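Asker: Quick one: the structure is below, and I'll ask about it shortly.
The values are calculated or read from the model by the stated rules, or taken from the named source; none is laboratory data. Everything numeric in this text was worked out from a predicted model, so none of it was measured. A quick note on method: Cβ atoms are made from the backbone with ideal geometry, for glycine too, and the neighbour counts reach across all protein chains shown. These accessible areas exclude ligands, DNA and RNA; they are computed on the full protein's heavy atoms, side chains included. Shrake-Rupley method; radii C 1.70, N 1.55, O 1.52, S 1.80 Å.
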Amino acid sequence: MAGKGKPVLVMVLKGYPRISETFISNEILLLESLGFTVRIVSMRKPREDFSHASVGRIRAEVVYLPEYILPALPRLLAANVGTALARPRGWLRAAGLMLRHFFQSPKSATVKHLLQAGLLCREALPPGESPHLHAHFAHSPTSVAMYAGLMSGAPVSFTGHAKDVWTQNPARLAEKIGRAAFVVTCTMANVAYLKKLSPNGTPVFGVYHGIDLSLFDGNGTRPAQGPPYRLLTVARLTAKKGLDTVLDALAVLAGQGIDFTYDLVGAGEDRDFLARQAARLGLADRVRFHGALPHEQVLELYRTAHAFVIGCRVLPNGDRDGVPNVVVEAMAMGVPVAATDVSALPELARDGETALTCPPGDAKALAANLVRLLTDPGLRDRLTGAARAVVAAEFDNAANTRRLAAIFAKQAGSPPGIFAAGLAL
């Protein structure tokens with residue numbers, strides 16, 4: 001299969017489309033615009049009933065793998081028999097690796113990933129193409145891509161993000177790095193960690209996701225300064241976002257007599273817990289839980305916000321954020337940011353330069369920073385101006401996707417470089 005036919009970039013994703021992973025759909029759209037032929041392989045169907053407008057402009061074919069084994073067992077077995085007959089040596093290598101993984105850590109997901117890989121080879125890698133498999137997230141999508149690469153002979157690479165990097169067994173992650181043609185990741189903190197794990201000098205490239213600066217354009221009017229203030233967070237409602245610290249900080253503001261409302265955009269497992277906390281703190285009439293919203297509605301909230309606040313932390317299992325795209329969006333929109341100085345956040349949220357930051361879990365310090373942002377117009381203007389300049393220089397998704405495309409053009413395929421012809425780089 002390697003080196004024959006038209007090169008195709010096969011993107012293996014956990015789910016597609018996902019409202020919280022707009023950076024992936026934007027990346028695919030821009031790669032297509034630069035001349036890449038992309039095929040999407042999704043490990044499950046979408047769970048939201050809407051998607052962002054950019055998804056509708058993506059031309060890539062989408063192949064959905066079965067999410068559960070038993071309902072799709074006949075399809076999975078038939079596909080794997082077909083793959084095994086077509087490429088017996090490759091399928092046996094993948095099955096042997098799966099068995100080693102299974103005996104190291106017995107999980108049914110390990111068997112499922114092998115079966116999904118066999119189906120991927122049968123339904124998403126047609127003859128006459130020269131595919132390169134690239135997985136988004138270093139956990140299960142990379143496992144499926146890795147097995148499929150062994151079966152098909154196609155080269156494999158992956159992009160590591162946050163939880164998938166920091167909560168994975170380091171030895172298993174190191175093995176994936178060692179088997180990859182190259183690795184991409186979205187923060188410089190991740191680059192250092194992944195290079196340290198690499199057993200064989202696999203190239204590791206740092207490329208920020210970035211955002212669409214034409215969409216998040218903060219040149220419009222800002223809300224009138226002064227109370228009632230509108231505070232905003234856009235985040236998944238999950239522990240590593242530190243939203244309980246944010247609510248504690250808002251209780252401090254309320255205790256100081258500051259008039260404000262708080263818009264919380266996002267869905268997640270902590271929704272009920274946070275609602276109870278807001279009620280316990282006497283904030284129920286100030287906090288609006290919006291759930292997940294499309295970009296158009298989020299943009300309107302950015303336009304009317306006096307400050308953006310987030311309380312990211314590192315969890316005991318190592319889970320953490322990188323540079324949350326919502327912080328990039330807020331800065332691009334000219335909204336001053338109060339955040340924590342955890343993980344890769346200081347790569348963008350630089351205390352006293354582009355944002356005000358404090359240690360995670362420090363509600364009083366977070367509240368004090370919010371007060372400064374709300375009441376000191378000189379500080380606010382200096383921070384937002386510097387933040388927008390950094391976003392424009394380092395987090396423009398069009399420019400960053402061109403950097404990523406250049407990496408694919410040089411590193412992807414068998415032999416590496418077969419994608420380069422015909423690209424608009």
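Asker: Would you tally the residues in segment 363-396 being farther than 19 Å from Tyr302 by Cα, open to solvent by less than 40 Å² (accessible area, probe 1.4 Å) and touching a residue at least 60 places away in the same chain (Cβ under 8 Å)?
Answerer: Counting residues in segment 363-396 that are farther than 19 Å from Tyr302 by Cα, open to solvent by less than 40 Å² (accessible area, probe 1.4 Å) and touching a residue at least 60 places away in the same chain (Cβ under 8 Å) gives 3.
Asker: Tally up the residues in segment 253-273 that are assigned to a helix (DSSP H, G or I) and crowded, with 19+ Cβ neighbours inside 10 Å, please.
Answerer: 1
Asker: Can I ask one more? Checking Leu30 against (1) in a helix (DSSP H, G or I); (2) modelled with pLDDT of 95 or more; (3) under 30 Å from Lys410 (Cβ atoms), only one condition comes out false. Which one?
Answerer: Only one criterion in (1) in a helix (DSSP H, G or I); (2) modelled with pLDDT of 95 or more; (3) under 30 Å from Lys410 (Cβ atoms) is unmet by Leu30, namely (2).
Asker: Being touching a Lys or Arg at 6+ places or on another chain (Cβ under 9 Å), farther than 23 Å from Pro170 by Cβ and either among the aliphatic types (A, V, I, L, M) or surrounded by fewer than 12 Cβ atoms within 10 Å (Cβ to Cβ) (or both) is the filter here; which residues of segment 82-118 pass it?
Answerer: Ala86
Asker: For Thr340, indicate whether it is within 16 Å of Leu250 (Cβ to Cβ), among the polar types (S, T, N, Q) and out of contact with any helix residue (DSSP H, G or I) (no Cβ under 6 Å at 6 or more places or on another chain).
Answerer: yes
Asker: Which residues, counting only those in segment 143-199, are closer than 26 Å to Pro346 by Cβ and among the polar types (S, T, N, Q)?
Answerer: Answer for segment 143-199, where residues must be closer than 26 Å to Pro346 by Cβ and among the polar types (S, T, N, Q): Thr159, Thr167, Gln168, Thr185, Thr187, Asn190, Ser198.
Asker: Limited to segment 203-227, what total is found for residues that are in contact with a Lys or Arg (Cβ under 8 Å, 6 or more places away or on another chain) and of a type in the set (Ser, Thr, Tyr)?
Answerer: Of the residues in that region, 1 qualify.
Asker: Return the total of residues in segment 252-278 being more than 24 Å from the chain's Cα centre (by Cα) and among the hydrophobic types (A, V, I, L, M, F, W, C).
Answerer: Result for segment 252-278: 8.
Asker: Name the one entry in Leu237, Leu213 that is within 20 Å of the chain's Cα centre (by Cα) and at pLDDT below 95.
Answerer: Going through Leu237, Leu213 in turn, the sole match is Leu213.
Asker: Could you say which residue among Asp321, Asp351, Asp341 is under 28 Å from Gln168 (Cα atoms), at pLDDT 95 or above and open to solvent by 10 Å² or more (accessible area, probe 1.4 Å)?
Answerer: Of Asp321, Asp351, Asp341, the one residue that is under 28 Å from Gln168 (Cα atoms), at pLDDT 95 or above and open to solvent by 10 Å² or more (accessible area, probe 1.4 Å) is Asp341.
Asker: When you check His134 against the structure, is it at pLDDT below 95 and of a type outside the set (D, E, K, R), yes or no?
Answerer: no
Asker: Can you pull out the residues in segment 49-108 that are among the hydroxyl-bearing types (Ser, Thr, Tyr) and over 16 Å from Gly149 (Cα atoms)?
Answerer: Ser51, Ser54, Tyr64, Tyr68, Ser105, Ser108
Asker: Do you know which of the residues in segment 408-421 that are open to solvent by 80 Å² or more (accessible area, probe 1.4 Å) and not aliphatic (A, V, I, L, M) is modelled with the lowest pLDDT?
Answerer: Selected residue: Pro416.
Asker: In addition: Just give me the residues in segment 220-252 being in a loop (DSSP other than H, G, I, E, B) and charged (D, E, K, R), in sequence order.
Answerer: Arg222, Arg236 - these are the residues of segment 220-252 that are in a loop (DSSP other than H, G, I, E, B) and charged (D, E, K, R).
Asker: Considering (1) buried (at least 16 other Cβ atoms within 10 Å of the Cβ); (2) in contact (Cβ under 8 Å) with a residue 60 or more places away in the chain; (3) touching a helix residue (DSSP H, G or I) at 6+ places or on another chain (Cβ under 6 Å); (4) not acidic (Asp, Glu), say which one Cys186 fails and leave the rest.
Answerer: (3)
Asker: Here is a follow-up. Can you confirm whether segment 365-376 contains a residue that is more than 20 Å from the chain's Cα centre (by Cα) and among the acidic types (Asp, Glu)? Even if it seems obvious, please write down each step before you answer.
Answerer: Initially, segment 365-376 is screened for residues more than 20 Å from the chain's Cα centre (by Cα), giving 365-376.
So of that shortlist, the ones also among the acidic types (Asp, Glu) come out as 376.
Yes, because at least one residue in segment 365-376 is more than 20 Å from the chain's Cα centre (by Cα) and among the acidic types (Asp, Glu).
Asker: Can I ask one more? Based on this model, can you work out whether Pro106 counts as in a loop (DSSP other than H, G, I, E, B), more than 30 Å from Leu425 (Cα to Cα) and more than 20 Å from the chain's Cα centre (by Cα)?
Answerer: yes
Asker: For the subset of segment 122-145 comprising residues that are of a type outside the set (A, V, I, L, M) and assigned to a strand (DSSP E or B), which member is most open to solvent (accessible area, probe 1.4 Å)?
Answerer: Glu129
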